[in-house]
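A.B. asks: Here it is, the structure in full.
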Amino acid sequence: MTSAPFRVNLTTVTANGKTQPKLSSIMDTTSYPDATFTLTKPIVPGATPSINRTFTVYAIGVLAMHGETHPIAFAIAARYGGSVLEAAGSIPVQFSDWNIQVPSYGSAISLQDDGVVEFSVIMRR
């Protein structure tokens with residue numbers, strides 16, 4: 001894969017399967033509704049993928065979110081079924097790196113400064 005621009009509408013993000021209005025507020029999705037990933041180096045499997053076998057590739061690119069852009073690299077687990085390629089992975093995110101202020105609710109309740117962006121992509125031929 002030599003090109004992979006992806007855009008995610010952050011206003012549709014859920015936590016534990018539910019829409020979280022506070023998450024939208026923290027992420028300021030009114031000002032920054034999207035996150036984008038752009039591949040900067042081709043993704044090349046080490047060998048021709050075997051049908052219905054899981055393999056790992058690595059993606060290197062830039063992630064733009066909340067008015068910030070940073071280089072990132074992450075592993076992708078993939079499986080090729082002959083006409084369908086399924087891929088999934090996760091990207092750790094330190095909110096302070098993206099200028100996202102995590103609110104403090106006192107010592108009883110606190111939110112972490114880190115999270116994980118999880119993704120699943122299905123490509124059909």
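The values are calculated or read from the model by the stated rules, or taken from the named source; none is laboratory data. Everything numeric here is computed off the predicted structure, so don't read it as measured data. Glycine gets a Cβ as well: all are built from the backbone with ideal geometry, and neighbour counts include every protein chain shown.
A.B. asks: Picking from Thr38, Thr19, which residue would you name as being in contact with a Ser or Thr (Cβ under 9 Å, 6 or more places away or on another chain) and closer than 20 Å to Val102 by Cβ? Let's see the steps before the verdict.
C.D. replies: On the way: Thr38 fails: closer than 20 Å to Val102 by Cβ.
So the residue among Thr38, Thr19 that is in contact with a Ser or Thr (Cβ under 9 Å, 6 or more places away or on another chain) and closer than 20 Å to Val102 by Cβ is Thr19.
A.B. asks: Here's a follow-up. Which pairs turn up if I take residues in the stretch 94-122 that are within 18 Å of Ser24 (Cβ to Cβ) and of a type in the set (Phe, Trp, Tyr) and look for partners that are part of a strand (DSSP E or B) and modelled with pLDDT of 85 or more with beta carbon separation below 7 Å, at least 6 apart in sequence or on another chain?
C.D. replies: These pairs meet every condition: Trp98/Met65; Trp98/Glu68.
A.B. asks: From the list Ile26, Ile60, Ile51, which residue is loosely packed, with under 15 Cβ neighbours inside 10 Å, more than 14 Å from the chain's Cα centre (by Cα) and of a type outside the set (S, T, N, Q)? Steps first, answer last, please.
C.D. replies: On the way: Ile26 fails: loosely packed, with under 15 Cβ neighbours inside 10 Å; Ile60 fails: more than 14 Å from the chain's Cα centre (by Cα).
Of the residues listed, the single one that is loosely packed, with under 15 Cβ neighbours inside 10 Å, more than 14 Å from the chain's Cα centre (by Cα) and of a type outside the set (S, T, N, Q) is Ile51.
A.B. asks: Which of the following residues is hydrophobic (A, V, I, L, M, F, W, C), free of Cβ contacts under 8 Å to residues at least 24 places away in the same chain and touching a strand residue (DSSP E or B) at 6+ places or on another chain (Cβ under 8 Å): Ala59, Ala15, Ala88, Ala75? Please lay out each step first, then the result.
C.D. replies: Values: Ala59 fails: free of Cβ contacts under 8 Å to residues at least 24 places away in the same chain; Ala15 fails: touching a strand residue (DSSP E or B) at 6+ places or on another chain (Cβ under 8 Å); Ala88 fails: free of Cβ contacts under 8 Å to residues at least 24 places away in the same chain.
Unique residue meeting the criteria: Ala75.
A.B. asks: Also, I was wondering about something else. Counting just the residues of the stretch 73-91 that are under 19 Å from Pro42 (Cβ atoms) and surrounded by fewer than 16 Cβ atoms within 10 Å (Cβ to Cβ), which one comes out farthest from the chain's Cα centre (by Cα)? Break it down into steps so the answer makes sense when it comes.
C.D. replies: If we filter the stretch 73-91 for residues that are under 19 Å from Pro42 (Cβ atoms), which is where we start, we get 73-78, 80, 85, 87, 89, 91.
Now narrow it down to the ones that are surrounded by fewer than 16 Cβ atoms within 10 Å (Cβ to Cβ): 73, 75, 77.
Numbers: Ala73: 11, Ala75: 11, Ala77: 13 Å.
Filtering the stretch 73-91 for residues that are under 19 Å from Pro42 (Cβ atoms) and surrounded by fewer than 16 Cβ atoms within 10 Å (Cβ to Cβ), the one farthest from the chain's Cα centre (by Cα) comes out as Ala77.
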